[in-house]
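Okay, so here's the structure we're looking at.
Please treat every number below as a calculation from the coordinates, not as lab data. Computed from a predicted structure; not experimentally measured. Positions of Cβ are generated from backbone atoms using ideal geometry, with glycine treated the same way; all protein chains shown enter the neighbour counts.
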Amino acid sequence: LYETAGWVSHPRVSPDGKLVAFVDHAYERDDDGTIAVVDQAGNKKTLTGEFVSAQGVAWWPSGNEIWFTATTSGSSRALHAVTLAGKERLVYLGTGTLTLHDISKDGRVLFSRDDLRAGMVGLAPGESKERDLSWHDWSVPRDLSDDGKLVSFDETGEAGGATGGMYVRATDGSPAVRLGDGRS
């Protein structure tokens, strides 16, 4: 019914069987995306704006709303709902990263709170023991200096904010220095 250069996740058929709701992810290996529906003729409609993380989709039993978990910055996804007309509302803002799994016919919601973290560990030149070089909650190494004394990395979780942050840090464990916004 629908093809994309990115990827699709969490497809859910509407209670009346006429639509499929899903997260439309624009980029491979990234869970950013929008909530969309496609009908039996292959007509796609995007219902939300872009989220930096979107996971989990379920139809409200009446079929008048699609519930999903997503966030516009960091990684702490909240529970949202959107109508087929694109009217969005916040349903529940918890602590941590939420993932919607299902909604029962009587309206009970099943979701999880996920503790996700990305980190980096390295063995500095001349040392015999590895060291945790993570800075905040989503440290992703991008490059290592030729002498192994500096590592550049991104922070794109809660600490990275809406744009993420680029950092450099000595592998001896000294504090990281923020170079700017974005990803390297």
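A straight Cα-to-Cα reach below 18 Å connects residue 129 with the lysines 149, residues fewer than 8 places away in its own chain not being considered. In loop segments of the range 1-90 as defined by DSSP, the chymotrypsin sites (Phe, Trp or Tyr not before Pro) with at most 15 further C-beta atoms inside 10 Å of their C-beta are 2, 27. Taking a label point 7 Å from the Cα of residue 72 along the Cα→Cβ vector, which residues of the range 24-54 have an amide N closer than 11 Å to it? So the set is 49-52. Debye-formula intensities of the range 95-184, expressed as log10 I(q)/I(0) at q = 0.11, 0.16, 0.25 Å⁻¹, are -0.42, -0.67, -1.18 (one equal scatterer per alpha-carbon, no solvent). The Cα-based radius of gyration of the range 56-115, divided by its Kirkwood radius, gives an Rg/Rh of 0.96.
Under a model in which nothing but the beta-carbon of Lys, Arg (+1) and Asp, Glu (-1) is charged, the chain shows a dipole of about 520 debye around its Cα centre. Considering the chain, its Cα convex hull presents a mean projected area of 12.2 nm². Among the trypsin sites (Lys or Arg not before Pro) found in the range 1-100, those both in a DSSP coil and sparsely packed, with 16 or fewer other Cβ atoms within 10 Å of their Cβ, are 18, 29, 87. When only Cα pairs under 8 Å and 6 or more residues apart are kept, what is the percent relative contact order across the chain? Relative contact order of the chain: 12 percent.
Considered as an equivalent ellipsoid built on the Cα gyration tensor, the range 1-56 has semi-axes of 19, 11, 9 Å, the largest given first.
Computed from the C-beta positions of residue 40 and residue 4, the FRET efficiency with R₀ = 22 Å rounds to 0.75. Find the centroid of the Cα atoms in the range 1-43 and in the range 100-153, then give the distance between the two in whole Å. Cα centres, the range 1-43 to the range 100-153: 28 Å.
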